[in-house]
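One structure is given here, and the rest of the page talks about it.
What follows draws every value from the coordinates through simple rules; no lab data is involved. No experiment lies behind these values; they were computed from the predicted model shown. Here the Cβ positions follow ideal geometry from the backbone for every residue, glycine too, while neighbour counts run over all protein chains shown.
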Amino acid sequence: MINPSTKIETQRLILEKYTYELQQNLYECFLLNEKRLQNSFPTSVRLCLDETKGYNYIQSKVFDFNARTSFAYAIIIKDARQYIGQVSITKIDEQIPMAELAYFIDKGYEGKGMMSEAFEAILEELFVKHHFEKLSLHMATNNSRSLKLAETHGFMREGLHRKCFRNYYNELIDVYSYGIIKAEYFK
């Protein structure tokens, strides 16, 4: 059974298991990023735009982490203790082992290499520490920043899934699937 770290430190960031102290920061982040997260995280947007529901969102993330069914990490700037996003490990298949990753970052921190730093820390956690064989991503076809992040970190486009995901407005959108195997990561 995977037993990931509850806290991962990088040069500028701390990735840590959610705590209830982050509820206000989570709410503020979703409030500021509502429009841009609606295509990729419609359920999370609905849950986090109410402070009470934000508590329930964190509660579910803590429960899943403790149950070892999925692992959501809050991305926090080390020096300022500022919450700026999330990276999650979901759909874990321990028989292979493989998992799916999902992530977002506050728009004020895009283009500063912070998501790339957090992403690399998660890849190392899974490929080096836990010996995963494959990681995958699914993203809206119009999410150019996410596409670039995936390709920069060695993920390859594996397919197009047409009209397979409902966004915030209940529209069906196209999604790309990306993947990377252990041998590609260690190249």
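Points to keep in mind about this one:
- Simple rule: put +1 on each Lys or Arg Cβ and -1 on each Asp or Glu Cβ in the chain, find the dipole, and look at Asn56, Pro4, Leu160; the Cα lying farthest toward the positive end is Leu160.
- Placing a label point 7 Å from the Cα of Thr141 along the Cα-to-Cβ direction, the residues of the stretch 155-187 with a backbone N closer than 20 Å are 156-179.
- Only helices enter the 222 nm calculation for the chain: every DSSP H run of n ≥ 4 contributes -39,500 (n - 2.57), and dividing by all residues gives -10000 deg cm²/dmol, rounded to 500.
- Each part reduced to its alpha carbon centroid, the stretch 151-187 and the stretch 55-84 end up 23 Å apart.
- Projected label distance in nm at Glu158 and Glu9, using a 7 Å step from Cα toward the beta-carbon: 3.4
- For a label point 7 Å along the Cα-to-beta-carbon line of Arg166, residues of the stretch 18-55 with backbone N under 15 Å: 39-47
- GNM on the chain, alpha-carbon springs under 10 angstrom: the most fluctuating residue among Val45, Val128, Val62 is Val128.
- Protection proxy ranking, highest mean first, for peptides 96-104, 138-146: 96-104, 138-146, where packing is the per-residue count of other beta-carbon atoms within 10 Å, averaged.
- Computed extension length for Glu21-Lys129: 36.1 nm, one decimal, from 0.36 nm per residue of separation with the Cα-Cα distance subtracted.
- Look at Lys187, Lys182 and count the other Cβ atoms within 10 Å of each Cβ; fewest to most, that gives Lys187, Lys182.
- Relative contact order (%) - criterion: Cα under 8 Å, at least six apart; region: the chain: 20
- Overall, the chain carries a charge dipole of about 260 debye about its Cα centre when +1 sits on the Cβ of Lys and Arg and -1 on the Cβ of Asp and Glu, all other atoms neutral.
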